[in-house]
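The values are calculated or read from the model by the stated rules, or taken from the named source; none is laboratory data. Predicted model, so just to flag it, every value in this text is computed and none were measured. All Cβ positions, even for glycine, are placed from backbone atoms using ideal geometry, and neighbour counts span all protein chains on display. Keep in mind that these areas ignore ligands, DNA and RNA; they rest on the heavy atoms of the full protein, side chains included. Shrake-Rupley method; radii C 1.70, N 1.55, O 1.52, S 1.80 Å.
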Amino acid sequence: MQELKCVVNGKNVAIMIDPSHSLADVIRYDLGLTGTKKGCEEGECGACTVLVNGLPVDSCIVPAMKANGKNILTIEGLEQNGELDPIQEAFMEAGAIQCGFCTPGVVLSAKALLMREENPTKEDIRDELSGHFCRCTGYLQFYDAVKLASEKIKSRKNKEKK
Amino acid sequence: MKKVEKHLFPKNVKEAVELLAEYKGEARIVSGATDLMLWIRDGKVSPSVLVDVSDLPEMRFVSVSDGKMSIGSAMTHAEIAAHPDVKRIFPALSDGCRSVGSPQIRNIATLAGNIVSAQPAADSVVPMTALGAQCELAGPDGTYMRPLCELSKKVGESYVDPTKEIITRIEIKIPSGKYGTAFKRIAPREAMALPVVNAAVMLEAEDDGTIKAARIVASPVAVVPFRAKNAEAHLIGKKASPKLFAEAAEAAGAEASPRDSLVRGSGEYRKVLVKDLVEQALIQAASLFA
Ligand SMILES: Cc1cc2nc3c(=O)[nH]c(=O)nc-3n(C[C@H](O)[C@H](O)[C@H](O)COP(=O)(O)OP(=O)(O)OC[C@H]3O[C@@H](n4cnc5c(N)ncnc54)[C@H](O)[C@@H]3O)c2cc1C
(Lines give C-alpha, C1' and ligand atoms only; values in the text may rest on other atoms or scores of the structure.)
Protein backbone atom coordinates (compact mmCIF):
# COMPACT_ATOMS: atom_id res chain seq x y z
CA MET A 1 0.00 0.00 0.00
CA GLN A 2 1.16 3.50 -0.76
CA GLU A 3 -0.16 6.94 0.08
CA LEU A 4 -1.80 8.87 -2.75
CA LYS A 5 -2.25 12.60 -2.26
CA CYS A 6 -4.09 14.58 -4.86
CA VAL A 7 -6.97 16.94 -5.44
CA VAL A 8 -10.16 15.32 -6.71
CA ASN A 9 -12.96 17.60 -7.88
CA GLY A 10 -11.51 20.45 -5.83
CA LYS A 11 -11.10 18.49 -2.60
CA ASN A 12 -7.82 17.35 -1.09
CA VAL A 13 -7.57 13.58 -0.92
CA ALA A 14 -5.01 11.51 0.99
CA ILE A 15 -5.62 7.76 0.98
CA MET A 16 -3.69 4.52 1.12
CA ILE A 17 -4.04 2.63 -2.17
CA ASP A 18 -2.68 -0.45 -3.90
CA PRO A 19 -0.09 0.96 -6.34
CA SER A 20 -0.81 -1.81 -8.85
CA HIS A 21 -4.31 -0.43 -9.37
CA SER A 22 -5.41 1.83 -12.19
CA LEU A 23 -6.63 5.35 -11.61
CA ALA A 24 -10.10 4.24 -12.80
CA ASP A 25 -10.24 1.57 -10.09
CA VAL A 26 -9.15 3.96 -7.36
CA ILE A 27 -11.69 6.55 -8.49
CA ARG A 28 -14.50 3.99 -8.58
CA TYR A 29 -13.74 1.68 -5.68
CA ASP A 30 -11.57 3.66 -3.26
CA LEU A 31 -13.28 7.03 -3.75
CA GLY A 32 -16.72 5.69 -4.66
CA LEU A 33 -17.06 7.98 -7.67
CA THR A 34 -18.78 5.58 -10.04
CA GLY A 35 -19.55 8.18 -12.69
CA THR A 36 -16.24 7.17 -14.29
CA LYS A 37 -17.02 4.10 -16.40
CA LYS A 38 -14.80 1.19 -17.33
CA GLY A 39 -15.43 -0.01 -20.88
CA CYS A 40 -12.69 -1.76 -22.83
CA GLU A 41 -10.00 -1.39 -20.16
CA GLU A 42 -7.40 -1.01 -22.92
CA GLY A 43 -7.46 2.73 -23.54
CA GLU A 44 -9.47 2.33 -26.74
CA CYS A 45 -13.04 3.35 -25.90
CA GLY A 46 -12.62 6.50 -23.78
CA ALA A 47 -15.42 5.68 -21.30
CA CYS A 48 -12.99 6.04 -18.39
CA THR A 49 -11.73 9.49 -19.45
CA VAL A 50 -10.97 11.90 -16.61
CA LEU A 51 -8.97 15.14 -16.61
CA VAL A 52 -5.54 15.14 -15.00
CA ASN A 53 -4.31 18.72 -14.63
CA GLY A 54 -6.89 19.65 -17.25
CA LEU A 55 -5.86 17.02 -19.82
CA PRO A 56 -8.07 14.07 -20.78
CA VAL A 57 -6.50 10.64 -20.17
CA ASP A 58 -7.87 7.08 -20.19
CA SER A 59 -7.89 6.38 -16.45
CA CYS A 60 -8.18 2.60 -17.02
CA ILE A 61 -4.56 2.44 -18.21
CA VAL A 62 -3.10 5.11 -15.94
CA PRO A 63 -1.40 3.71 -12.82
CA ALA A 64 -3.24 5.32 -9.90
CA MET A 65 -0.07 6.70 -8.31
CA LYS A 66 0.42 8.88 -11.37
CA ALA A 67 -2.33 11.07 -9.91
CA ASN A 68 -0.05 11.91 -6.98
CA GLY A 69 0.24 15.68 -6.59
CA LYS A 70 -2.14 16.24 -9.48
CA ASN A 71 -5.54 17.79 -9.94
CA ILE A 72 -8.20 15.27 -11.02
CA LEU A 73 -11.59 16.17 -12.43
CA THR A 74 -14.26 13.49 -12.78
CA ILE A 75 -17.82 13.88 -14.00
CA GLU A 76 -18.99 14.35 -10.39
CA GLY A 77 -16.87 17.50 -10.17
CA LEU A 78 -18.63 19.39 -12.95
CA GLU A 79 -21.72 20.61 -11.16
CA GLN A 80 -21.30 23.79 -9.15
CA ASN A 81 -23.56 24.49 -6.15
CA GLY A 82 -26.15 22.00 -7.34
CA GLU A 83 -26.22 23.40 -10.87
CA LEU A 84 -25.16 21.36 -13.87
CA ASP A 85 -22.22 22.48 -15.99
CA PRO A 86 -23.40 24.13 -19.23
CA ILE A 87 -21.83 21.20 -21.09
CA GLN A 88 -24.01 18.74 -19.20
CA GLU A 89 -27.09 20.85 -19.95
CA ALA A 90 -26.14 21.05 -23.60
CA PHE A 91 -25.72 17.27 -23.87
CA MET A 92 -29.24 16.77 -22.55
CA GLU A 93 -30.76 19.47 -24.73
CA ALA A 94 -29.03 18.26 -27.90
CA GLY A 95 -30.14 14.67 -27.32
CA ALA A 96 -26.52 13.57 -27.12
CA ILE A 97 -27.18 10.99 -24.39
CA GLN A 98 -28.90 7.67 -24.75
CA CYS A 99 -27.66 4.81 -22.60
CA GLY A 100 -25.23 7.20 -20.90
CA PHE A 101 -22.25 4.88 -20.58
CA CYS A 102 -19.88 6.89 -22.76
CA THR A 103 -21.32 10.25 -21.65
CA PRO A 104 -19.13 11.09 -18.62
CA GLY A 105 -15.98 10.60 -20.68
CA VAL A 106 -17.26 12.52 -23.70
CA VAL A 107 -18.43 15.40 -21.50
CA LEU A 108 -14.99 15.60 -19.85
CA SER A 109 -13.21 15.68 -23.22
CA ALA A 110 -15.60 18.46 -24.25
CA LYS A 111 -14.78 20.25 -20.99
CA ALA A 112 -11.04 20.08 -21.73
CA LEU A 113 -11.63 21.41 -25.24
CA LEU A 114 -13.87 24.29 -24.13
CA MET A 115 -11.51 25.30 -21.33
CA ARG A 116 -8.80 25.67 -23.97
CA GLU A 117 -10.83 26.94 -26.91
CA GLU A 118 -13.94 29.05 -26.51
CA ASN A 119 -15.00 28.74 -30.17
CA PRO A 120 -13.98 25.28 -31.34
CA THR A 121 -14.31 24.48 -35.04
CA LYS A 122 -15.95 21.30 -36.27
CA GLU A 123 -12.43 19.90 -36.79
CA ASP A 124 -11.43 20.75 -33.21
CA ILE A 125 -14.48 18.94 -31.86
CA ARG A 126 -13.99 15.94 -34.12
CA ASP A 127 -10.40 15.70 -33.07
CA GLU A 128 -10.94 16.11 -29.33
CA LEU A 129 -13.71 13.50 -29.27
CA SER A 130 -11.91 11.02 -31.55
CA GLY A 131 -10.91 8.85 -28.60
CA HIS A 132 -14.49 8.00 -27.65
CA PHE A 133 -16.75 5.21 -28.78
CA CYS A 134 -20.50 5.68 -28.59
CA ARG A 135 -22.59 2.65 -29.44
CA CYS A 136 -26.05 4.20 -29.41
CA THR A 137 -26.66 7.91 -29.95
CA GLY A 138 -24.21 8.43 -32.77
CA TYR A 139 -21.63 11.12 -33.02
CA LEU A 140 -23.41 14.01 -34.71
CA GLN A 141 -25.32 14.97 -31.59
CA PHE A 142 -21.96 15.37 -29.85
CA TYR A 143 -21.04 18.19 -32.25
CA ASP A 144 -24.36 19.88 -31.66
CA ALA A 145 -23.96 19.55 -27.91
CA VAL A 146 -20.43 20.97 -27.86
CA LYS A 147 -21.45 23.88 -30.12
CA LEU A 148 -24.44 24.58 -27.89
CA ALA A 149 -22.27 24.36 -24.77
CA SER A 150 -19.83 26.83 -26.27
CA GLU A 151 -22.70 29.30 -26.86
CA LYS A 152 -24.01 28.77 -23.32
CA ILE A 153 -20.59 29.39 -21.80
CA LYS A 154 -20.09 32.56 -23.81
CA SER A 155 -23.51 33.97 -22.95
CA ARG A 156 -22.97 33.22 -19.26
CA LYS A 157 -19.67 35.07 -19.39
CA ASN A 158 -21.32 38.05 -21.07
CA LYS A 159 -24.02 38.14 -18.40
CA GLU A 160 -21.40 38.06 -15.67
CA LYS A 161 -19.61 40.99 -17.30
CA LYS A 162 -22.79 43.10 -17.32
CA MET B 1 1.34 -13.50 -9.87
CA LYS B 2 3.76 -10.78 -8.84
CA LYS B 3 2.38 -7.27 -8.83
CA VAL B 4 3.55 -3.71 -8.56
CA GLU B 5 4.22 -2.93 -4.91
CA LYS B 6 5.75 0.52 -5.21
CA HIS B 7 5.43 3.38 -7.65
CA LEU B 8 8.42 5.65 -7.05
CA PHE B 9 9.09 9.23 -8.12
CA PRO B 10 12.81 9.96 -8.22
CA LYS B 11 13.84 13.63 -8.14
CA ASN B 12 16.22 13.42 -11.08
CA VAL B 13 17.77 11.08 -13.64
CA LYS B 14 20.67 10.23 -11.35
CA GLU B 15 18.34 9.07 -8.61
CA ALA B 16 16.27 7.10 -11.14
CA VAL B 17 19.36 5.20 -12.34
CA GLU B 18 20.33 4.49 -8.72
CA LEU B 19 16.86 3.13 -7.95
CA LEU B 20 17.05 0.76 -10.92
CA ALA B 21 20.43 -0.51 -9.67
CA GLU B 22 19.18 -0.86 -6.10
CA TYR B 23 16.27 -3.11 -7.14
CA LYS B 24 18.44 -5.30 -9.39
CA GLY B 25 16.01 -5.97 -12.23
CA GLU B 26 12.85 -5.85 -10.10
CA ALA B 27 12.28 -2.17 -10.94
CA ARG B 28 11.32 -0.81 -14.35
CA ILE B 29 11.10 2.66 -15.83
CA VAL B 30 7.60 3.91 -16.52
CA SER B 31 6.66 6.98 -18.53
CA GLY B 32 3.08 7.31 -19.83
CA ALA B 33 2.30 3.65 -19.03
CA THR B 34 0.08 3.38 -22.12
CA ASP B 35 1.96 0.24 -23.16
CA LEU B 36 3.34 -0.89 -19.82
CA MET B 37 0.02 -1.05 -17.96
CA LEU B 38 -1.37 -3.47 -20.56
CA TRP B 39 1.76 -5.64 -20.55
CA ILE B 40 1.69 -5.87 -16.76
CA ARG B 41 -1.98 -6.83 -16.88
CA ASP B 42 -1.27 -9.50 -19.51
CA GLY B 43 1.62 -10.83 -17.42
CA LYS B 44 4.16 -10.09 -20.19
CA VAL B 45 6.34 -8.22 -17.71
CA SER B 46 6.08 -8.19 -13.94
CA PRO B 47 8.10 -5.45 -12.26
CA SER B 48 7.49 -5.07 -8.53
CA VAL B 49 8.66 -1.45 -8.58
CA LEU B 50 7.88 1.28 -11.10
CA VAL B 51 10.33 4.17 -11.40
CA ASP B 52 8.37 7.08 -12.84
CA VAL B 53 10.36 9.55 -14.93
CA SER B 54 7.47 11.25 -16.71
CA ASP B 55 7.66 14.50 -14.70
CA LEU B 56 11.44 14.93 -14.49
CA PRO B 57 12.29 18.48 -15.63
CA GLU B 58 15.56 17.19 -17.16
CA MET B 59 13.51 15.09 -19.57
CA ARG B 60 10.79 17.64 -20.34
CA PHE B 61 11.92 20.32 -22.78
CA VAL B 62 12.44 21.18 -26.44
CA SER B 63 15.42 23.36 -27.31
CA VAL B 64 16.95 24.54 -30.55
CA SER B 65 20.58 25.69 -30.62
CA ASP B 66 23.90 25.11 -32.40
CA GLY B 67 22.17 23.63 -35.43
CA LYS B 68 20.33 20.94 -33.54
CA MET B 69 17.06 20.25 -31.84
CA SER B 70 17.17 18.56 -28.47
CA ILE B 71 14.01 16.97 -27.06
CA GLY B 72 13.50 15.63 -23.56
CA SER B 73 12.37 12.04 -23.98
CA ALA B 74 9.48 12.40 -21.51
CA MET B 75 7.75 14.88 -23.81
CA THR B 76 4.34 13.57 -24.78
CA HIS B 77 3.09 13.07 -28.31
CA ALA B 78 0.50 15.83 -27.77
CA GLU B 79 3.21 18.28 -26.69
CA ILE B 80 5.46 17.50 -29.66
CA ALA B 81 2.54 17.55 -32.13
CA ALA B 82 1.63 21.06 -30.95
CA HIS B 83 5.14 22.45 -30.50
CA PRO B 84 5.71 25.45 -32.83
CA ASP B 85 9.47 24.80 -33.31
CA VAL B 86 8.91 21.14 -34.13
CA LYS B 87 6.12 22.03 -36.58
CA ARG B 88 8.33 24.55 -38.32
CA ILE B 89 11.63 22.66 -38.33
CA PHE B 90 10.57 19.00 -38.53
CA PRO B 91 6.93 18.74 -39.68
CA ALA B 92 7.43 14.99 -40.23
CA LEU B 93 7.85 14.59 -36.47
CA SER B 94 4.88 16.73 -35.44
CA ASP B 95 2.68 14.94 -38.00
CA GLY B 96 3.85 11.54 -36.77
CA CYS B 97 3.12 12.45 -33.15
CA ARG B 98 -0.24 13.88 -34.14
CA SER B 99 -1.30 10.50 -35.60
CA VAL B 100 -0.85 8.44 -32.42
CA GLY B 101 -3.99 6.92 -30.88
CA SER B 102 -6.35 9.56 -29.53
CA PRO B 103 -5.99 12.79 -27.54
CA GLN B 104 -6.19 10.76 -24.31
CA ILE B 105 -3.26 8.58 -25.43
CA ARG B 106 -1.21 11.46 -26.87
CA ASN B 107 -1.62 13.48 -23.67
CA ILE B 108 0.37 10.94 -21.72
CA ALA B 109 2.31 8.64 -24.10
CA THR B 110 5.95 9.73 -24.44
CA LEU B 111 8.61 9.58 -27.14
CA ALA B 112 10.85 7.40 -24.94
CA GLY B 113 8.06 4.87 -24.50
CA ASN B 114 7.46 4.76 -28.25
CA ILE B 115 11.17 3.96 -28.79
CA VAL B 116 11.49 1.27 -26.12
CA SER B 117 8.19 -0.41 -27.01
CA ALA B 118 9.81 -1.04 -30.40
CA GLN B 119 6.81 -1.53 -32.62
CA PRO B 120 8.22 -1.31 -36.16
CA ALA B 121 5.56 1.20 -37.22
CA ALA B 122 5.75 3.31 -34.04
CA ASP B 123 4.46 6.65 -35.24
CA SER B 124 7.08 8.91 -33.67
CA VAL B 125 10.00 6.50 -34.11
CA VAL B 126 9.46 6.24 -37.87
CA PRO B 127 9.85 10.00 -38.48
CA MET B 128 12.67 10.29 -35.90
CA THR B 129 14.50 7.51 -37.77
CA ALA B 130 14.11 9.41 -41.04
CA LEU B 131 15.47 12.50 -39.27
CA GLY B 132 18.58 10.60 -38.18
CA ALA B 133 17.87 11.09 -34.46
CA GLN B 134 20.42 10.23 -31.78
CA CYS B 135 19.38 9.18 -28.28
CA GLU B 136 21.07 9.93 -25.00
CA LEU B 137 20.98 7.09 -22.49
CA ALA B 138 21.80 7.19 -18.81
CA GLY B 139 22.80 3.98 -17.05
CA PRO B 140 25.07 2.63 -14.34
CA ASP B 141 28.15 3.39 -16.47
CA GLY B 142 27.22 7.02 -17.14
CA THR B 143 25.59 8.63 -20.15
CA TYR B 144 26.22 7.90 -23.81
CA MET B 145 24.70 8.61 -27.23
CA ARG B 146 23.35 5.98 -29.64
CA PRO B 147 21.75 6.39 -33.05
CA LEU B 148 18.01 5.73 -32.74
CA CYS B 149 18.16 3.36 -35.72
CA GLU B 150 20.41 1.04 -33.69
CA LEU B 151 18.01 0.72 -30.76
CA SER B 152 15.35 -1.53 -32.30
CA LYS B 153 16.06 -5.24 -32.00
CA LYS B 154 12.88 -6.94 -33.15
CA VAL B 155 9.11 -6.50 -32.93
CA GLY B 156 8.35 -5.31 -29.39
CA GLU B 157 11.95 -5.46 -28.20
CA SER B 158 14.63 -2.78 -28.14
CA TYR B 159 18.26 -2.84 -27.07
CA VAL B 160 17.39 -0.48 -24.21
CA ASP B 161 16.92 -2.34 -20.94
CA PRO B 162 14.40 -0.33 -18.89
CA THR B 163 15.38 -2.20 -15.76
CA LYS B 164 18.88 -0.71 -16.01
CA GLU B 165 18.97 2.37 -18.19
CA ILE B 166 16.95 5.40 -19.24
CA ILE B 167 16.54 7.24 -22.52
CA THR B 168 16.83 10.85 -21.41
CA ARG B 169 17.06 12.96 -24.54
CA ILE B 170 16.71 12.87 -28.31
CA GLU B 171 18.92 14.96 -30.52
CA ILE B 172 18.32 15.80 -34.17
CA LYS B 173 20.72 17.74 -36.41
CA ILE B 174 19.09 20.59 -38.34
CA PRO B 175 20.58 20.73 -41.85
CA SER B 176 22.21 24.06 -42.62
CA GLY B 177 21.16 24.13 -46.28
CA LYS B 178 17.89 23.38 -48.04
CA TYR B 179 15.92 20.48 -46.66
CA GLY B 180 12.41 19.14 -46.19
CA THR B 181 10.70 16.41 -44.17
CA ALA B 182 7.33 14.67 -44.43
CA PHE B 183 5.28 11.90 -42.80
CA LYS B 184 2.43 9.93 -44.39
CA ARG B 185 0.22 7.29 -42.88
CA ILE B 186 -2.69 5.14 -43.87
CA ALA B 187 -4.94 3.42 -41.34
CA PRO B 188 -8.48 2.02 -41.31
CA ARG B 189 -9.69 5.22 -39.67
CA GLU B 190 -8.08 8.51 -38.76
CA ALA B 191 -8.10 8.08 -35.00
CA MET B 192 -7.32 5.16 -32.74
CA ALA B 193 -6.08 2.81 -35.43
CA LEU B 194 -2.60 1.44 -35.95
CA PRO B 195 -1.07 2.19 -39.35
CA VAL B 196 -1.41 -0.21 -42.27
CA VAL B 197 1.69 1.56 -43.57
CA ASN B 198 3.44 4.74 -42.50
CA ALA B 199 6.38 6.46 -44.17
CA ALA B 200 8.69 9.34 -43.35
CA VAL B 201 11.35 11.05 -45.43
CA MET B 202 14.01 13.69 -45.06
CA LEU B 203 15.67 15.27 -48.10
CA GLU B 204 18.64 17.63 -48.20
CA ALA B 205 19.37 19.53 -51.39
CA GLU B 206 21.92 21.85 -52.99
CA ASP B 207 20.75 25.35 -53.86
CA ASP B 208 19.93 24.20 -57.42
CA GLY B 209 17.68 21.39 -56.13
CA THR B 210 20.15 18.53 -56.53
CA ILE B 211 19.47 15.98 -53.80
CA LYS B 212 22.55 15.49 -51.63
CA ALA B 213 21.15 13.37 -48.82
CA ALA B 214 18.01 11.31 -48.36
CA ARG B 215 16.52 9.11 -45.70
CA ILE B 216 13.38 7.12 -46.48
CA VAL B 217 11.69 4.99 -43.83
CA ALA B 218 8.57 2.87 -44.31
CA SER B 219 6.85 0.56 -41.81
CA PRO B 220 5.72 -1.96 -40.79
CA VAL B 221 7.38 -3.98 -43.52
CA ALA B 222 10.17 -5.52 -41.44
CA VAL B 223 10.86 -6.31 -37.78
CA VAL B 224 12.38 -2.85 -37.29
CA PRO B 225 11.67 0.49 -39.05
CA PHE B 226 12.72 -0.14 -42.66
CA ARG B 227 15.17 2.10 -44.53
CA ALA B 228 14.56 2.03 -48.28
CA LYS B 229 18.24 2.24 -49.20
CA ASN B 230 17.88 1.58 -52.94
CA ALA B 231 15.34 4.36 -53.17
CA GLU B 232 17.62 6.70 -51.22
CA ALA B 233 20.60 5.88 -53.47
CA HIS B 234 18.52 6.52 -56.57
CA LEU B 235 17.92 10.13 -55.47
CA ILE B 236 21.47 11.20 -54.67
CA GLY B 237 23.11 13.59 -57.13
CA LYS B 238 19.94 14.07 -59.18
CA LYS B 239 17.68 17.09 -59.46
CA ALA B 240 14.37 16.88 -57.57
CA SER B 241 11.49 16.26 -59.99
CA PRO B 242 8.17 14.42 -59.94
CA LYS B 243 9.68 11.80 -62.27
CA LEU B 244 12.65 11.22 -59.99
CA PHE B 245 10.37 10.81 -56.98
CA ALA B 246 8.14 8.36 -58.84
CA GLU B 247 11.20 6.25 -59.71
CA ALA B 248 12.51 6.32 -56.14
CA ALA B 249 9.08 5.38 -54.78
CA GLU B 250 8.96 2.48 -57.24
CA ALA B 251 12.31 1.31 -55.88
CA ALA B 252 11.06 1.63 -52.27
CA GLY B 253 8.01 -0.50 -53.08
CA ALA B 254 10.22 -3.08 -54.78
CA GLU B 255 12.68 -3.42 -51.89
CA ALA B 256 10.03 -3.57 -49.15
CA SER B 257 8.69 -7.01 -48.34
CA PRO B 258 5.70 -6.64 -46.02
CA ARG B 259 4.05 -9.80 -44.70
CA ASP B 260 0.49 -10.79 -45.38
CA SER B 261 -1.39 -9.70 -42.28
CA LEU B 262 -4.98 -10.33 -41.28
CA VAL B 263 -5.01 -7.01 -39.48
CA ARG B 264 -3.06 -4.80 -41.85
CA GLY B 265 -3.78 -6.33 -45.26
CA SER B 266 -1.94 -8.45 -47.80
CA GLY B 267 1.75 -8.00 -48.42
CA GLU B 268 1.08 -7.24 -52.06
CA TYR B 269 -1.34 -4.44 -51.18
CA ARG B 270 1.00 -2.95 -48.63
CA LYS B 271 3.91 -2.97 -51.13
CA VAL B 272 1.82 -0.71 -53.33
CA LEU B 273 1.02 1.48 -50.32
CA VAL B 274 4.74 1.82 -49.53
CA LYS B 275 5.31 3.07 -53.08
CA ASP B 276 2.40 5.51 -52.92
CA LEU B 277 3.13 6.90 -49.46
CA VAL B 278 6.85 7.29 -50.19
CA GLU B 279 6.04 9.16 -53.40
CA GLN B 280 3.62 11.50 -51.59
CA ALA B 281 6.12 12.06 -48.79
CA LEU B 282 8.97 12.87 -51.22
CA ILE B 283 6.82 15.38 -53.10
CA GLN B 284 5.70 17.04 -49.88
CA ALA B 285 9.21 17.18 -48.41
CA ALA B 286 10.62 18.66 -51.64
CA SER B 287 7.85 21.28 -51.74
CA LEU B 288 9.36 22.71 -48.55
CA PHE B 289 12.60 23.69 -50.30
CA ALA B 290 11.48 24.15 -53.91
C1 LIG C 1 -5.27 2.70 -27.22
C2 LIG C 1 -3.85 2.84 -27.66
C3 LIG C 1 -3.55 3.35 -28.93
C4 LIG C 1 -2.24 3.47 -29.36
N5 LIG C 1 -1.99 3.98 -30.61
C6 LIG C 1 -0.72 4.09 -31.05
C7 LIG C 1 -0.45 4.62 -32.35
O8 LIG C 1 -1.35 5.00 -33.10
N9 LIG C 1 0.85 4.70 -32.75
C10 LIG C 1 1.88 4.31 -31.94
O11 LIG C 1 3.03 4.44 -32.35
N12 LIG C 1 1.65 3.80 -30.71
C13 LIG C 1 0.38 3.68 -30.25
N14 LIG C 1 0.14 3.16 -29.00
C15 LIG C 1 1.25 2.63 -28.20
C16 LIG C 1 1.83 3.56 -27.13
O17 LIG C 1 0.92 4.57 -26.75
C18 LIG C 1 3.14 4.22 -27.57
O19 LIG C 1 4.08 3.22 -27.87
C20 LIG C 1 3.70 5.18 -26.52
O21 LIG C 1 4.63 6.02 -27.12
C22 LIG C 1 4.32 4.50 -25.31
O23 LIG C 1 4.81 5.54 -24.46
P24 LIG C 1 4.56 5.53 -22.88
O25 LIG C 1 5.18 6.78 -22.37
O26 LIG C 1 3.14 5.32 -22.58
O27 LIG C 1 5.43 4.26 -22.49
P28 LIG C 1 5.30 3.29 -21.22
O29 LIG C 1 4.12 2.42 -21.37
O30 LIG C 1 5.48 4.04 -19.97
O31 LIG C 1 6.62 2.42 -21.46
C32 LIG C 1 6.79 1.58 -22.60
C33 LIG C 1 8.12 0.85 -22.47
O34 LIG C 1 9.20 1.76 -22.49
C35 LIG C 1 9.95 1.70 -21.27
N36 LIG C 1 10.31 3.09 -21.00
C37 LIG C 1 9.45 4.16 -20.86
N38 LIG C 1 10.14 5.30 -20.74
C39 LIG C 1 11.46 4.97 -20.80
C40 LIG C 1 12.68 5.73 -20.73
N41 LIG C 1 12.69 7.07 -20.58
N42 LIG C 1 13.85 5.06 -20.81
C43 LIG C 1 13.87 3.71 -20.96
N44 LIG C 1 12.75 2.94 -21.04
C45 LIG C 1 11.56 3.57 -20.97
C46 LIG C 1 9.04 1.04 -20.28
O47 LIG C 1 9.74 0.37 -19.26
C48 LIG C 1 8.29 0.08 -21.16
O49 LIG C 1 9.07 -1.04 -21.44
C50 LIG C 1 -1.18 3.05 -28.52
C51 LIG C 1 -1.47 2.55 -27.24
C52 LIG C 1 -2.78 2.44 -26.81
C53 LIG C 1 -3.07 1.89 -25.44
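Expressed as a whole percentage, what fraction of the accessible surface of the stretch B:88-135 belongs to carbon and sulfur atoms when a 1.4 Å probe is rolled over the protein heavy atoms?
Carbon with sulfur: 51 percent of the solvent-accessible area.
Can you pick out the pairs among A:Lys5/B:Lys3; B:Lys154/B:Lys275; B:Lys229/B:Lys275 whose Cα atoms lie more than 18 Å from each other?
A:Lys5/B:Lys3; B:Lys154/B:Lys275
Of B:Leu137, A:Leu140, which has the most accessible area and how do the rest follow, probe 1.4 Å?
Ranking B:Leu137, A:Leu140 by accessible area, largest first, yields A:Leu140, B:Leu137.
Calculated from DSSP H runs of 4 or more alone, at -39500 (n - 2.57) each and per residue, what is the 222 nm mean residue ellipticity of the protein assembly as shown, nearest 500?
Using -39500 (n - 2.57) per qualifying helix, the result is -9500 deg cm²/dmol.
How big is the charge dipole of the stretch B:178-287 about its Cα centre, in debye rounded to the nearest 20, if each Lys and Arg gets +1 on its Cβ and each Asp and Glu gets -1 on its Cβ?
The calculated dipole for the stretch B:178-287 is roughly 240 debye.
Straight-line reach from B:Lys178: which aspartates and glutamates have Cα under 12 Å away, leaving out those fewer than 8 places along the same chain?
Once the sequence-local aspartates and glutamates are set aside, what remains near B:Lys178 is B:Glu204, B:Glu206, B:Asp207, B:Asp208.
If ligands, DNA and RNA are left out, what is the accessible area of A:Leu33 with a 1.4 Å probe, given in Å² to the nearest 10?
Rounded to the nearest 10, the figure is 40 Å².
Given Cβ point charges of +1 (Lys, Arg) and -1 (Asp, Glu) and nothing else, what value in debye, to the nearest 20, does the dipole of the stretch A:100-162 about its Cα centre take?
400 debye
With a 10 Å cut-off between alpha carbons and a GNM built on chain A, which of A:Pro19, A:Pro56, A:Pro86 moves the most?
Evaluated over chain A, the most mobile residue of the options is A:Pro19.
Please work out the average accessible area per residue across the stretch B:93-223, using the 1.4 Å probe convention, and give it in Å².
Result: 35 Å² of accessible area for each residue.
Hey, if we sort B:Asp35, B:Asp123 by accessible area with the 1.4 Å probe, largest down, what's the order?
Ranking B:Asp35, B:Asp123 by accessible area, largest first, yields B:Asp35, B:Asp123.
Just to confirm, what accessible area per residue do you get for the stretch A:86-161 at 1.4 Å probe, in whole Å²?
I get 52 Å² per residue for the stretch A:86-161.
How large is the accessible surface of B:Glu171 in square angstrom, using a 1.4 angstrom probe and rounding to the nearest 10?
Its accessible surface works out to 40 Å², give or take rounding.
With point charges of +1 on the Cβ of Lys and Arg and -1 on the Cβ of Asp and Glu, referenced to the Cα centre of the stretch B:211-287, which listed residue (B:Val272, B:His234, B:Ala218) lies farthest in the positive direction of the dipole?
B:His234
Could you report the stretch B:1-74's accessible area per residue, 1.4 Å probe, as an integer in Å²?
Each residue of the stretch B:1-74 exposes 49 Å² on average to a 1.4 Å probe.
For A:43-50, what's the mean count of beta carbons from other chains sitting within 10 Å of each residue's beta carbon?
4
Given Cβ point charges of +1 (Lys, Arg) and -1 (Asp, Glu) and nothing else, what value in debye, to the nearest 20, does the dipole of the protein assembly as shown about its Cα centre take?
Magnitude of the dipole: close to 380 debye.
For B:Ala109, what residues show an amide H to amide H distance below 5 Å, using hydrogens built from the backbone and excluding near sequence neighbours?
The list, which skips near neighbours in sequence, is B:His77.
In the stretch A:128-145, which residues give up 40 Å² or more of accessible area once the other protein chains are added, compared with their chain alone (1.4 Å probe)?
Those residues are A:Ser130.
What is the distance in Å between the Cα centres of the stretch B:117-173 and the stretch A:45-62?
Between the Cα centres of the stretch B:117-173 and the stretch A:45-62 lies a distance of 27 Å.
Please tell me which of these pairs span more than 18 angstrom C-alpha to C-alpha: B:Lys239/B:Lys271; B:Lys87/B:Lys173; B:Lys14/B:Lys164?
Distance filter (> 18 Å) returns B:Lys239/B:Lys271.
Under a 5 Å amide H to amide H cut-off, with H placed in plane at 1.01 Å, what residues pair with A:Val50 once short-range neighbours are removed?
The list, which skips near neighbours in sequence, is A:Val57, A:Ser59.
Can you find, among B:Gln104, B:Ser65, B:Leu148, the residue farthest towards the positive end of the dipole of the stretch B:57-173? Put +1 on the C-beta of Lys and Arg, -1 on that of Asp and Glu.
Of the options given, the answer is B:Gln104.
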